Amino acid sequence: MGLDGSVSSSAPSDGAVVRMTGVDVVRGENHLLRGVDWRVEADHRWVVLGPNGAGKTTLMQLAGALLHPSRGEVRLLGETLGAVDVFELRPRIGLTSAALSQRIGPAEKTGDVVVSAGYAVVGRWRERYDVHDLTRAGMLMEQWGVAQFAHRPFGTLSEGERKRAQIARALMPDPELLLLDEPGAGLDLGGREDLVARLSDLARYHYAPAQVLVTHHVEEIPPGYTHALLLRGGEVVAAGAADDVLTAEKLSDTFGLPLDLTRTDGRFTARRAR
Ligand SMILES: Nc1ncnc2c1ncn2[C@@H]1O[C@H](COP(=O)(O)OP(=O)(O)OP(=O)(O)O)[C@@H](O)[C@H]1O
Ligand SMILES: [Mg+2]
């Protein structure tokens, strides 16, 4: 896959794309996140793993400037949440999630879904886009294998085609941080393998944004991902270099059952230990 040739904006002055310090997110009696410390650098590609309800989507909402912490500090692209206009921050962050995809009208033309992201809105709202936007949208749709659907309503695309269109949309504003919350959910085996290969290419592309991928399945970790964060019950079980964190012991701890983990050619598989 040929990837975007443009150079992303320079890294923020303090070096970190995401820096969370002592972060809690509390709703009523519930700690959705507790004591989270996390640092993502521009050249990092993180996978976030954890069982249902662990707090992965909450973590992505913080990193996407969609949510403020109850306690602690979240710095994104050199700015501190609470002390920055989030509407200036959000266009610098590309996000895909099930919640966002539900907000896309099924009658919206796929090409419009992608091109309108540059304006941080869902759906086309301007009558005219400049040539640069249309060219970039066309290039991204080619790269993500959805160019042939430009004139098709988004609602007529298959799950896999929709996932790829959403990633093209997320990349449209040339973000400095790309957050992918379960992009592999609902894909068949071929769709998953195609997505993993494309994400692996993107991970290895020097000028690509910092990336964070949330998944339930180690099989979906693209080769080239450098770091891993394991969450359980709102707390970080382990975070750091992928080779240190992606171990049978730590995954067993995270998912609460004994697991065997194997790694072949950079791909992982996990199964219950016998
Ligand atoms: N507004 C809220 N009030 C109370 N609890 C909430 C609220 N929002 C989320 N939660 C709870 O916080 C926990 C973490 O939710 P989150 O969506 O971050 O989990 P997740 O790791 O993304 O799970 P999944 O794998 O199922 O997507 C869940 O138990 C959820 O029920
Ligand atoms: Mg989630």
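The figures follow:
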quantity	calculated
Long-range tail of P(r) for the chain (Cα pairs > 29 Å, %)	31 percent
Å² per residue, accessible surface of region 169-274 at 1.4 Å	44 Å²
Förster radius 30 Å - calculated FRET efficiency between VAL84 and TYR205 (Cβ-Cβ, nearest 0.05)	0.60
Nearby lysines by direct alpha-carbon distance to LYS250 (threshold 26 angstrom, same-chain neighbours under 8 apart not counted)	LYS56
Heavy-atom accessible surface of the chain: percent carbon and sulfur, 1.4 Å	49 percent
Counted charge near GLY50, where neighbours are those whose Cβ lies closer than 15 Å (Asp, Glu -1; Lys, Arg +1)	-1
Label-to-label distance, nm, for residues given as GLU249 and ARG152 (7 Å Cα→Cβ offset)	4.8 nm
About the Cα centre, charge dipole magnitude for the chain (Lys/Arg +1, Asp/Glu -1 at Cβ), debye	480 debye
Magnitude of the charge dipole, region 61-185, Cβ model with Lys/Arg +1 and Asp/Glu -1, debye to 20	240 debye
Rh (Kirkwood; distinct C-alpha pairs) - region 168-260, Å	14.3 Å
Residue-averaged [θ]222 nm for the chain, counting only DSSP H segments that reach four residues, each worth -39500 (n - 2.57)	-8000 deg cm²/dmol
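The values are calculated or read from the model by the stated rules, or taken from the named source; none is laboratory data. Every value quoted in this text rests on a predicted model; they were computed, and no experiment measured them. Cβ atoms come from the backbone with ideal geometry, glycine included; neighbour counts cover every protein chain shown. These accessible areas exclude ligands, DNA and RNA; they are computed on the full protein's heavy atoms, side chains included. Shrake-Rupley method; radii C 1.70, N 1.55, O 1.52, S 1.80 Å.
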